[in-house]
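Below is one structure, written out as structure tokens, with a few remarks after it.
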Amino acid sequence: MNIKAPRGTKDVLPEESYKWHYLEEIIREITQLFGYREIRTPVFEHTELFVRGVGDTTDIVQKEMYTFLDKGERSITLKPEGTAGVVRSYIENGLFGMAQPIKMYYLTPVFRYENPQAGRLREHHQFGVEVFGAKEPSVDAEIILMATKLFERLDLKGLELNINSIGCTKCRPSYHDALKDYLKGHLGDLCDTCITRYERNPLRILDCKNEKCGAVVEGAPIILDYLCEECSTHFNGLQSYLKAASVDYKINPLIVRGLDYYSKTVFEIISRGIGAQGTVCGGGRYDGLVKECGGPDTPGAGFGLGLERLLLALEAQGIDIPRTPGRDVFFVTIGNNARDKAFQLLNVMRTGGLSADMDHVGRGVKAQFKYADKADVSWVCILGDDEISRNEVKVRSMADGKEETVSQTNLLEYFKSKKER
């Protein structure tokens, strides 16, 4: 029987999980600094939520969702992104009735049926933030600043912040008309996907990765020239806040993001050297999303970034992630009596806050020492019949090989004093 993980998924093995713990710990530190609290939503939702929230013209809804009928014949979808589920929770739990803004973050698996590539698997993991109830561009600048602070904390270099505004429901239609007028003479040069986008969502053509489509849109009208006064003021305000925080940025009018719910601000943070997909973080504003999903008219903004892609960026720059410290103490036992006594002392060490272990597979003494060395143990406690009779333990430092004899009664205090030095 040949059982393997499904294509596009990957195990995170014990010797790799410390990297994930490191990222998650720093993410929690940064979000705490900015006043964001964690939300956890179900890994699957009713399919209608993503059709309404993400948009039925997106590649996600049209091609990439894992959708199935449950036993009650209800259409269920594994979450392909994090925002829609948070919006649903915001509405369902009446968070709009609390003091605004509501600031939340999440760490969650997401699922998309697409060709696996570097940093983007069919099951990957996303860190995202969402802010509801604040319309000012200071919030847009804040979430961008949060992302840049995270990358600074990780010591990532060579990142470029690209920003744009894609307008709102007032000004975007006039741009759509201008864009369609321009594209009308180039339909034969567009890919099949963009030809279908022409009528339903021409803005998405600007985001196409096809080289032919990219050449076409180079001469397209620029959306920033069509912004209404409100959107223009908002975009100028964003830039003012970024400058106040000394955040470098580049205005890129081709950034539109791949989800239909965005309005006004969109942004991407790009890193070089991690494969064809260089965006390590993307987000923006979505003032109409809560209302679209059945809630009150509420402004919103946020971003998402893939943890796998972030790990690739760290690896590409040779940034070492500190390993989790090994165990403090390992008991090497000689004989059955020693094993019983070691198990008792093991519990004392753990109760006292030390990480401690012993052999559980019946190794010989030499093999126990080898295992302790591979497990990155700080001290080995050698315990045999002689040590038991004298109520002692022989302690060996694995760093320098020095040995001391310590009373079993004082063993916990001995190790605590060692760790405090």
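Nothing in this text is a laboratory measurement; each read-out follows from the coordinates by a stated rule. As the structure is a computational prediction, the values presented were derived from the model and not from experiment. All Cβ positions, even for glycine, are placed from backbone atoms using ideal geometry, and neighbour counts span all protein chains on display.
Cysteine residues of the chain whose Cβ has no partner cysteine Cβ closer than 4.7 Å: Cys168, Cys191, Cys194, Cys231, Cys281, Cys293, Cys381.
The base-10 log of I(q)/I(0) for the stretch 110-183, evaluated at q = 0.13, 0.18, 0.21 Å⁻¹, reads -0.74, -1.07, -1.06 [Debye formula, identical scatterers on Cα atoms, solvent excluded]. Here's how it looks for Ile251: its modeled amide H is under 5 Å from those of Ile163, which are all 5 or more places away or on a different chain.
Projected onto the charge dipole of the chain (+1 at Lys/Arg Cβ, -1 at Asp/Glu Cβ, origin at the Cα centre), which of Leu411, Leu183, Val266 gives the Cα projection farthest towards the positive end? Going by the charge dipole, the pick is Leu411. Karplus-based coupling profile of the stretch 98-107, in residue order and whole Hz: 8, 4, 9, x, 9, 10, 9, 9, 8, 10, with θ = phi - 60° in 6.51 cos²θ - 1.76 cosθ + 1.60 and x standing for Gly or Pro.
Beta bridges from DSSP with both residues in the chain: antiparallel share about 80 percent, rounded to the nearest 5.
Pair-distance distribution P(r) for the chain, from all Cα-Cα distances in 20 Å bins starting at 0: 22, 43, 23, 11, 1 percent. The string of couplings for the stretch 352-358 from the Karplus curve (6.51, -1.76, 1.60, θ = phi - 60°) is x, x, 9, 7, 9, 7, 8 Hz, one whole number per residue in order, with x for Gly and Pro. For the chain, return all DSSP H helices satisfying: extent of Cα atoms along own axis at least 20 Å; mean Kyte-Doolittle hydropathy at least -1.0. Those that clear 20 Å and a mean of -1.0 are 17-33, 137-153, 229-244, 336-351.
Taking the number of Cβ atoms within 10 Å of each Cβ as an exposure proxy, the fewest-first ranking of Val51, Val266 is Val51, Val266. Spatial offset of the stretch 30-96 relative to the stretch 221-267 amounts to 26 Å, using the alpha carbon center of each. When only Cα pairs below 8 angstrom with a gap of at least 6 residues are kept, the chain shows a relative contact order of 15 percent. Its Kirkwood hydrodynamic radius, worked out from the mean inverse distance over all distinct Cα pairs, puts the stretch 351-406 at 12.3 Å. Fewest neighbouring Cβ atoms within 10 Å first, the residues Ile60, Ile166 line up as Ile60, Ile166. Using DSSP loop states and a limit of at most 10 other Cβ atoms within 10 Å to flag GluC sites (Glu not before Pro), what is the longest stretch of the chain containing no flagged site? No qualifying site falls inside 219-421, the longest such stretch. About the centre of its Cα atoms, the chain shows a dipole size close to 520 debye [charges on the beta carbon of Lys, Arg (+1) and Asp, Glu (-1) only; nearest 20 debye]. Rounded to the nearest Hz, the phi-derived 3J(HN,Hα) couplings of the stretch 117-122 under the Karplus curve 6.51 cos²θ - 1.76 cosθ + 1.60 (θ = phi - 60°) are 8, 4, x, 9, 9, 5, where x marks glycine and proline. Amide H contacts of Cys281 (H built 1.01 Å from N, in plane; Pro and chain starts excluded): Ile269 sit under 5 Å, all sequence-distant by 5 or more or on other chains.
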